[in-house]
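Below: the structure, in structure tokens.
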Amino acid sequence: MITIVLLDPNPISKTGLSTILGKVTNFHILAESSNILDFPKLAIQFQPKLLLIDFKSLLQMENGLSNCTSFAANQTVTVIINANNIDDMLFSLIQAGVLGALGSNINEVNLENAIMRASQGEILFSQEQIESARLFQETLTNKWNILTDREREILFLLYQGFGNKIIAIIKQISIKTVSFHVSNILRKLSLESRQELIIWYEKYVKKLR
């Protein structure tokens, strides 16, 4: 028996998915929710074999990818549904231990097969997706490597929420020098704002360190 907990914020698609899965004798839905705040609790409470999570919900969930890693450590596998146009997220999903990302157009037979394969620990990502993730990681590593040690230090302080003045005091350099470093970091990472730097650090750098 493959036990499942389902998260989909769209009540209509959640009901449809639940109905489809309910037809399969070997599937048992332990719980389903449209509330992203309830989902980690449900996963811990029921400890299913498999979690089906809507892609947009995963992004909105606080520590969503970290939760997937924790679930995997507890022998619960995660499969993402309604995952369209996710090329920039493949690396993060694979790093978090997610076994696959299924598009919204998947048919019932392929969905059933995918769930059965994932429950046995099989990776559902295609070779093309894995290669895309590898190339992304390579590009990410290269971008990190072109930053100087001082630029990395300042990027970390920016991530912690410090402004130029405080960073200048901490590093014992001028505010103008801090601004110069920030501009260089933005240019090297092809980003346009401090907020983008913070998001980039949170999303990627923690996985490289």
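Local charge for residue 133 was computed over the other residues whose Cβ lies under 11 Å away, with Lys and Arg +1 and Asp and Glu -1, and equals -4.
Across all Cα atoms of region 2-126, the radius of gyration (one decimal) and Dmax (whole number) stand at 12.8, 36 Å. Shape descriptor for region 56-169: Rg over Rh equals 1.10 (Cα atoms; Rh from the Kirkwood inverse mean 1/r).
Any idea what % of Cα-Cα pairs in the chain are farther than 24 Å? Counting pairs separated by more than 24 Å, the tail of P(r) holds 49 percent.
Annotation: region 147-208 has a Kirkwood hydrodynamic radius of 11.5 angstrom, from the mean reciprocal C-alpha pair distance.
Within the same chain, lysines fewer than 8 places from residue 203 are excluded, and of the rest, those with a Cα less than 20 Å from its Cα are 56, 143, 188.
Give me the percent relative contact order of the chain, please, defined on Cα pairs under 8 angstrom at least 6 residues apart. Display every interim value, and only then the final one.
Values: 263 pairs, mean separation 30.3, N = 209.
It comes to 14 percent, rounded to a whole number.
Take the chain and mark each of the GluC sites (Glu not before Pro) that is in a DSSP loop with at most 12 other Cβ atoms within 10 Å; the longest unmarked stretch, sites excluded, is 123-191.
Laboratory data are not the source of any read-out in this text; all were calculated from the coordinates shown. Everything numeric in this text was worked out from a predicted model, so none of it was measured. Virtual Cβ from ideal backbone geometry, glycine too; neighbours counted across all protein chains shown.
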